[in-house]
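*Asks:* Provided herewith is a single structure, encoded as structure tokens, for subsequent inquiry.
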Amino acid sequence: MVKLSELISGLELKVLSPTTKKVLDIQSSEFNRPGLELSGFYEHFALERMQILGNAEMGYLMGLSAPERDQKLRTFFSYDIPCVILCRGHQPPEEMLRLARERDIPVLGSKMSTTGFIVSAIMFLNRVLAPHMTMHAVLVDVYGVGILITGDSGVGKSEAALELIKRGHQLVADDVVDVCRVNEDRLTGESPETIRFFMEIRGIGIIDIRQMYGIGAVLMRKSIDLEIRLEHWDDQKEYDRLGLEENYTTIMDVKVPSLVLPVKPGRNLAIIIEVAARNLSLKRMGYSAARELDKRLTDLMNQ
């Protein structure tokens, strides 16, 4: 399901025929160009998809006589289609507007080329229709790496993010992260619109990062590449000191590299998070400092 207002604003569409619908029954990012259907072939009509009309479809319709066009469109609009979108700035004929009003099917318009609009629509619908969940966390972009900072309330997630912002990195979301699974192995995160770019700092209150640090300090959306869980330092717990083992957490059935950072007075979490981001980038390029050291020690023992 897709909100009509969200579709209009997300794809910069113009309403050509008013409708009472607020939600469209669109459940796939696929589309249909109904050239065959308008010519009379409905055997494999994908009526559940957005119906997109470009130069070819509109040229065919406008080349018909008014009675023929009315008959073709009456059959087309007899199906329960979610919406009709006219590309390249085409205007709907009167017959289309009348039938759309009768069937309460929205007719929308775009100035984009048909191919360009289809690409934009697929990307938009893939994001809107993808599975979502909400997490209590902070999401920041550090050296191009999307880092999801998690941990118990009061452990210092926002303070660490604020220090990262002061060091030139970007905030995506504070406290609440809307996580979206865009495909089988990739997650993205963004902030709910009502609290976007706001941050809560205990003892100060709510601050606006965009107003305070400028537009370059914030980001609308970012992939989630690494989870860093902050926890209070436990003297009885043995923390990883080598990094030979790769740890992962699973979010919405997607495996995400994960680290646990113990928090205690005197530790500069921002610098440690920067190092974690750079280290992940090196691992993606095939270099692991822990494995390199292990190899050197092994070679030394074998001499």
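*Asks:* Can you tell which of V172, V155, V179, V140 is under 23 Å from V260 (Cα atoms) and either assigned to a loop (DSSP other than H, G, I, E, B) or not assigned by TED's automatic domain parsing to the domain that holds L261 (or both)?
*Replies:* The conditions single out V155.
*Asks:* Scan the range 208-249 for residues that are loosely packed, with under 12 Cβ neighbours inside 10 Å and either in contact (Cβ under 8 Å) with a residue 60 or more places away in the chain or of a type in the set (K, R) (or both) and jot them down.
*Replies:* Answer for the range 208-249, where residues must be loosely packed, with under 12 Cβ neighbours inside 10 Å and either in contact (Cβ under 8 Å) with a residue 60 or more places away in the chain or of a type in the set (K, R) (or both): K237, R241.
*Asks:* What do you reckon, is L11 under 28 Å from the mean Cα position of the chain (by Cα), crowded, with 19+ Cβ neighbours inside 10 Å, at pLDDT 90 or above and within 24 Å of A121 (Cα to Cα)?
*Replies:* no
*Asks:* When you look at A277, is it surrounded by 11 or more Cβ atoms within 10 Å (Cβ to Cβ), of a type in the set (A, V, I, L, M) and modelled with pLDDT of 95 or more, yes or no?
*Replies:* yes
*Asks:* Where residues in the range 18-46 are under 19 Å from D70 (Cα atoms) and among the aliphatic types (A, V, I, L, M), which of them is surrounded by the fewest Cβ atoms within 10 Å (Cβ to Cβ)?
*Replies:* L36
*Asks:* Among A130, A121, A173, which is the only one that is crowded, with 16+ Cβ neighbours inside 10 Å, aliphatic (A, V, I, L, M), modelled with pLDDT under 95 and within 17 Å of I224 (Cα to Cα)?
*Replies:* Exactly one residue qualifies, and that residue is A130.
Okay, residues lined up against (1) assigned to a strand (DSSP E or B); (2) assigned by TED's automatic domain parsing to the domain that holds V142; (3) of a type in the set (D, E, K, R):
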site	(1), (2), (3)
G203	no, yes, no
L230	yes, yes, no
D235	no, yes, yes
P262	yes, yes, no
P265	no, yes, no
A277	no, yes, no
G286	no, yes, no
E292	no, yes, yes
M301	no, no, no
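*Asks:* Considering only the range 250-270, how many residues are free of Cβ contacts under 8 Å to residues at least 60 places away in the same chain and under 28 Å from the mean Cα position of the chain (by Cα)?
*Replies:* Qualifying residue count for the region: 6.
*Asks:* Please find, within the range 255-271, the residue that is modelled with the lowest pLDDT out of those that are in contact with a helix residue (DSSP H, G or I) (Cβ under 9 Å, 6 or more places away or on another chain) and surrounded by fewer than 16 Cβ atoms within 10 Å (Cβ to Cβ).
*Replies:* Per the criteria, the residue is N268.
The values are calculated or read from the model by the stated rules, or taken from the named source; none is laboratory data. Please read these numbers as outputs of a predicted model, since none were measured by experiment. Note that we place each Cβ from the backbone using ideal geometry, even for glycine, and neighbour counts take in every protein chain shown.
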